[in-house]
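Below: one structure, written as structure tokens.
The values are calculated or read from the model by the stated rules, or taken from the named source; none is laboratory data. Since the structure is predicted, the reported quantities are computational estimates derived from the model, not experimental observations. Please note: Cβ atoms are built from the backbone with ideal geometry, for glycine as well, and neighbour counts cover all protein chains shown. These accessible areas exclude ligands, DNA and RNA; they are computed on the full protein's heavy atoms, side chains included. Shrake-Rupley method; radii C 1.70, N 1.55, O 1.52, S 1.80 Å.
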Amino acid sequence: NRRALHQITRYGVTGVVSVATYVGSLWVLVHAISLPEIFANTAAYALATALNYLLNFYWSFMSSEAHNVASAKFLTVVAVGFALNACFITLTTTAGMPVTGGALLFSTLWPLVSFALQKIWVFRASSKWPAPTDGSGLNVS
């Protein structure tokens, strides 16, 4: 349905913006500022995560959930993602892959799991999306 397509599209755009923020800031922190990779990765991930929450709350899911509830759930999902990301970056850099390569690879896998968790749990109280219609303006839900 059209509502689901719009939500997935917005989530995808949010993801692309978040990934660009993550990888771009990681590159700057490692290559321009010379932070150790694990510290740079932590800072870049935190920045991208804050941006991701705001864009998903207000735009992708148009949530009506209270921020204290949604943000706690979101941070739980983020904590799981962060732990998996740290393990993944450690494994890939140990295997000789550049840190940004590992970040890009993780960033293609995690969004699938994250979307499902955000849709069914984090932002579930969403009510700002218009009800689906049959094109005539009649509600079909």
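Just the residues that are touching a residue at least 40 places away in the same chain (Cβ under 8 Å) and open to solvent by 60 Å² or more (accessible area, probe 1.4 Å), please, taken from the range 14-33. Show your work before the answer.
Start the filter on the range 14-33 by keeping residues that are touching a residue at least 40 places away in the same chain (Cβ under 8 Å), which leaves 14-15, 19, 22-23, 26-27, 30.
The one that is touching a residue at least 40 places away in the same chain (Cβ under 8 Å) and open to solvent by 60 Å² or more (accessible area, probe 1.4 Å): 27.
Given the residues 30, 19, which is the only one that is at pLDDT below 95 and either of a type outside the set (S, T, N, Q) or in a helix (DSSP H, G or I) (or both)?
Numbers: 30 fails: at pLDDT below 95.
After ruling out the rest, the residue left standing is 19.
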